[in-house]
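The values are calculated or read from the model by the stated rules, or taken from the named source; none is laboratory data. It should be emphasised that the depicted structure is a prediction, and the values quoted were computed from it without experimental measurement. Note that each Cβ is placed from the backbone with ideal geometry, even for glycine, and that neighbours are counted across all protein chains shown. Just so you know, the surface numbers come from the protein's heavy atoms only, side chains and all, with ligands and any DNA or RNA stripped out. Shrake-Rupley method; radii C 1.70, N 1.55, O 1.52, S 1.80 Å.
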Amino acid sequence: MKLTHILSFSIAAMFIGCSSPERMEKKEFKIEYEKFTLENGLEVVLHEDHSDPIVAVATLMHVGSNREKPGKTGFAHFFEHMSFNDSENVPRGANRKLIPEWGGSRNGGTWSDGTIYYEVVPKDAFEKILWIDSDRFGYMINTVTDDALEAEKQVVKNEKRQRVDNAPYGYTDEIIRKNLYPEGHPYSWTVIGSLPDLQSATLDDVKEFYEEYYGAGNATLVIAGDINVEETKQLVEKWFGEIRKGPEVEKPTPMPVSLENSKSLHFEDNFAKLPELRMVYPTVEEYNEDTYALNVLGQLLSGSKKSPLYQVIVEEKKLAPNASTYQSSSEVAGEFVFRVRANAGVDLDSIKATIEEGLIRFETNGIDENDLKRIKAELETNLYQGVSTVLNKAFQLVQDNEFGGDPSYITQTAKNTQAVTSADVMRVYNKYIKGQNYIMTSVVPAGSLDLTVDGSEEAEVYIEEIVANVESENVTRGEVGEYEKTSSKYDRSEPEFGELPLLNAPEVWTSSIDNGMQAFGIENKELPLVYFDLTIKGGHFQDSLDKSGTASLLSSLMTEGTKSKTPSELEEAIGLLGASINVFSTSEEIRISASCLTRNFGETFDLLKEILLEPRWDQAEFDRLKQSQLTRLKGREASPTAIASTVFNKLNYGPDHVMSYPVSGTLKTVESVSMDDLKAFYELNFSPVVANFHVAGNVSQEEVMGALSALQEEWPSKDVQLASYNLPENSNAGKFYFIDFPGAKQSVLYIGKLALSGMEDKFNEVGYANEKIGGGSSGQLFQTLRIEKGYTYGAYSFVRQMTEVAPYTVTSSVRANATLPSLEIIKDMLANYADRFTEEDVEVTKNKVLKANTRAFESLGAKLGMLHEISQFGKQANFMEQEQDELTSMTLEDYQKLINTHMNESEMFYLVLGDGATQLEEVKKLGMGDPIILDIKGDPITQ
């Protein structure tokens, strides 16, 4: 079977009432692809895109957790993990180690309905990725051993601990699934499954799952990027054509559910600091004609400042910082979700009552046609953004082919959404929401049962007990298994690299306007999209210590209206253009960021200018945003990772440095911030002399400078005094700190010291020196702690690029009862890193970084990031070529000197956040003396 198609979507006139005739034109975007089917049933979709010398490969298996059986849950996700380990013709661990070393990236994901494996590599590694991907697909099952099985169980258990057990509201999904879907329904258990099921999995179970579902006839393969279609067909036949077809797998049919009664449940969450209410209504499956109206309904109920739930819950009652409603469709059923995480101490009965009040308002007031226009305008931009990289194109093609039966189904999605009317929205509201039964969850902080909805029942949740020194969890992958290799008519050994692609850095233009603002741009005509931003130096760094969070609050307030527009009017003006404008503060700048269709660049820029120059200073909005920020800060106290990260910064910078404080401030500092503080910050720090404009996309330098010319007179320059701080002496070298977080299933580890600034000549070289130990999944930390030991889901090290000196950071979240051995491994790696660095490591690092650079500028966001590096750190437009020369000239002695200077273990301190009852005595065996006990704010606790 062979089909050649053009995937295209047309966005017809949907801007009725707008002044610009240009926006009434019908636009069409095309993705050409070719589809064919191998004799073994594998469906293949190829797309040529020569914009960058890279290739994306995505394989979607039509098997998710919905194929599992009760008592054997979590298998689809577990099998995804197993697939990345060994296969017959690829060395053990090569998938995670070699692909990054080839300059690529790789990962996988499992959800209720499917499992996807994907890679993006420089084109010279294209055949290598077909070799490694096909071997994982068709030749891995014989290599699985009992030891490897037990080791991977620990990795998956760590993932569950990190994402579910150690996370606030982590159990909510389990509670909803158990109660929304009847026993035995394929969505009645979570994707990650239950730990008892996982722990009892056997080698025979794994092989049975593979035999049933991992055949070529149950998958789609998409290859997108810098390929030749005819040559690629031959390669696909060679590498994938011999994979067994597998048994016929029946496609799931819709299994919608209905509830006889509503059910209200509650759960006391040891990690949550804020009460949260969810109401979940059963609806319809993906690709059902009602999903499009339900998606629109979700946006109408809570997606704007005019929406009824936002008005009642956020603005009028001030019960929560936001509310969300959305349709979530899967292959055989769907859900419509109401979700509100309330302010601290709010009774969830009041949240439920205000949701009901908001729905009555929706029924009474009906639908504003302008809101429908806004949603459809935003759709157009989202459609283009959704196919803006070769990997995104691959994702879209592979999902629509496997689940929709048509790679070009995005065309129908666009048409179906455009066709939604107000009557359609009210119809689905009345059919699925009004007067219908639902599952409601009240998840509250431990000890706060009084905040739950009256009459709710306690939810049943399995909670793992962490026990120190569990021998069954101390496992390794063991020896490579013995097996008879599957025969093949092809040589399935590793192919050679293709021709090395040249670095294809985009051309950068620079300019300025007379008020002192600099402009940096990259013109790219592939899509009718433009990304741009205006950055103002300072940001959080300009906050006073006692009012930390001021820049963050100001940034939030700037999009809450202008002098001539109310908050809802500004939001609507942006939405009708299909644009987005956001303002946020980072450690060292405030950024006004925007994206839009090319034809709307001028009008979107005008709105950005209005936001910049004409703030509204709305006191009511300030009060709401301040309360929202306080609520989020309270919520951070429930996150072990957020707590550990904040304390790590405090220990590095000391109490008298602004970097000791989060960008969003603390509960104490934000409480003291007033509207006058925001006005003073704006007056003192907003000036074109500390501003830069960056733009990437389908717009010329001439058009950009024409738009910027309006700022020349409207935004006069003035001097800005940028803050500076003295760095503390390193008094923490060799110290060990511990934060007790009772009941933590994992320990969060932070190790490091202040290293260097992004302005320093050696910054890039330190990054190169770090690649071997902490640079992604090929780094020693990841390879040892996750792959070899199964202690963690991930382990990394890095130095952030900042103007201020940044710390060298080593971090991981490890299984609680593996805290001590993890620390011992990290300590040994760091202490001996320079001595163990070899000439081979120099070559591997050079090749890894050079080849990764071929992928560095594909997306518009990446191009914008390149411009930021030039403006913020004073780099030349050709800085990538300069840095490559720097890399290739580095010697082994250079690496060792950098490690000893900036990554010296003897100068580092260690911070552990974990369960003190089980881990405190254990970590004392590390040999660094008794830990200094800190509270969650980083202050010492007197014993």
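Directionally averaged projected area (segment 62-198, Cα convex hull): 9.0 nm².
Cα gyration tensor of segment 346-390, axes a ≥ b ≥ c as square roots of the eigenvalues: rounded (a/c below 1.5), prolate (a/b > b/c) or oblate? Walk me through the numbers before you get to the answer.
On the way: a/c = 6.74, a/b = 1.89, b/c = 3.57.
Judged from the Cα gyration tensor, segment 346-390 comes out oblate (a/c at least 1.5, b/c at or above a/b).
What shape does segment 742-842 take by its C-alpha gyration tensor, where a ≥ b ≥ c are the square roots of the eigenvalues and a/c under 1.5 counts as rounded, a/b above b/c as prolate, and the rest as oblate? Display every interim value, and only then the final one.
Values: a/c = 2.34, a/b = 1.45, b/c = 1.62.
Oblate, since a/c reaches 1.5 and b/c is not below a/b.
Once the chain from Glu479 to Leu850 is taken as fully extended at 0.36 nm per residue, the excess over their C-alpha distance is 130.2 nm. The distance linking segment 83-118 with segment 544-613 is 40 Å (Cα centroid to Cα centroid, whole angstrom). Look at the dipole of the chain built from charges on Cβ: of Asn817, Ser889, Pro321, the Cα furthest out on the positive end belongs to Pro321.
Distance between the pseudo-spin-label points of Glu569 and Lys937 (7 Å out from Cα toward the beta carbon): 4.3 nm.
With the simple spin-label model, which puts each label point 7 Å out from Cα in the Cβ direction, the Ser731 to Tyr462 separation comes to 5.0 nm.
The spacing between segment 719-762 and segment 186-230, judged by their C-alpha centroids, is 41 Å. Out of the DSSP beta bridges found with both residues in the chain, what percent are antiparallel (nearest 5)? The antiparallel proportion sits near 80 percent. Once all protein chains are placed together, Arg92 keeps about 90 Å² accessible to a 1.4 angstrom probe.
At a 1.4 Å probe radius, carbon and sulfur cover how many percent of the accessible area of the chain? Before the final figure, lay out each step's value.
Working: 16680 of 36060 Å².
Summing carbon and sulfur atoms, their accessible area is 46 percent of the total for the chain.
For Lys762, go through the aspartates and glutamates and keep the ones whose alpha-carbon is under 13 Å away, minus same-chain ones fewer than eight residues off. Within reach: Glu883, Glu886, Asp894.
Summarising the overall dimensions of segment 850-908 from its C-alpha atoms, the Rg and Dmax are 14.9, 42 angstrom. Past 20 Å, Cα to Cα: identify those pairs from Lys123/Lys875; Lys160/Lys924; Lys69/Lys485; Lys72/Lys160; Lys157/Lys789; Lys537/Lys668, in the order given. From the list (Lys123/Lys875; Lys160/Lys924; Lys69/Lys485; Lys72/Lys160; Lys157/Lys789; Lys537/Lys668), the Cα-Cα distance tops 20 Å for Lys123/Lys875; Lys160/Lys924; Lys69/Lys485; Lys537/Lys668. Computed over protein heavy atoms with a 1.4 Å probe, the accessible surface of the chain works out to 38 Å² per residue.
Here each label is just a point 7 Å from Cα along the line to Cβ, and for Val229 and Asp894 those points are 4.5 nm apart. Sequence-distant contacts, meaning Cα pairs under 8 Å at least 6 residues apart, place the relative contact order of the chain at 15 percent. Rounded, prolate or oblate: which fits segment 569-618 when a ≥ b ≥ c are the square roots of the eigenvalues of the alpha-carbon gyration tensor, with rounded for a/c under 1.5 and prolate only if a/b beats b/c? It comes out oblate by the Cα gyration axes. Annotation: lysines with alpha-carbon distance below 18 angstrom to Lys317 (same-chain offsets under eight excluded): Lys305, Lys306, Lys352, Lys626. Given a 1.4 Å probe and the protein chains as shown, His50 ends up with an accessible area of around 110 Å².
Working from the Cα coordinates of the chain, the gyration tensor eigenvalues give, after taking √(5λ), semi-axes of 38, 36, 33 Å in decreasing order. The charge dipole of the chain, taken about its Cα centre with unit charges on the Cβ of Lys, Arg, Asp and Glu (plus for the first two, minus for the last two), comes to roughly 1220 debye.
Is there a quick way to get the dipole size of segment 672-742? I mean about its Cα centre, with the Cβ of Lys and Arg at +1 and of Asp and Glu at -1; what is the value in debye to the nearest 20?
280 debye
Dipole orientation for the chain: of the candidates Tyr910, Ile129, Ala414, Ala414 has the Cα lying most toward the positive pole (charges on Cβ; Lys, Arg +1; Asp, Glu -1).
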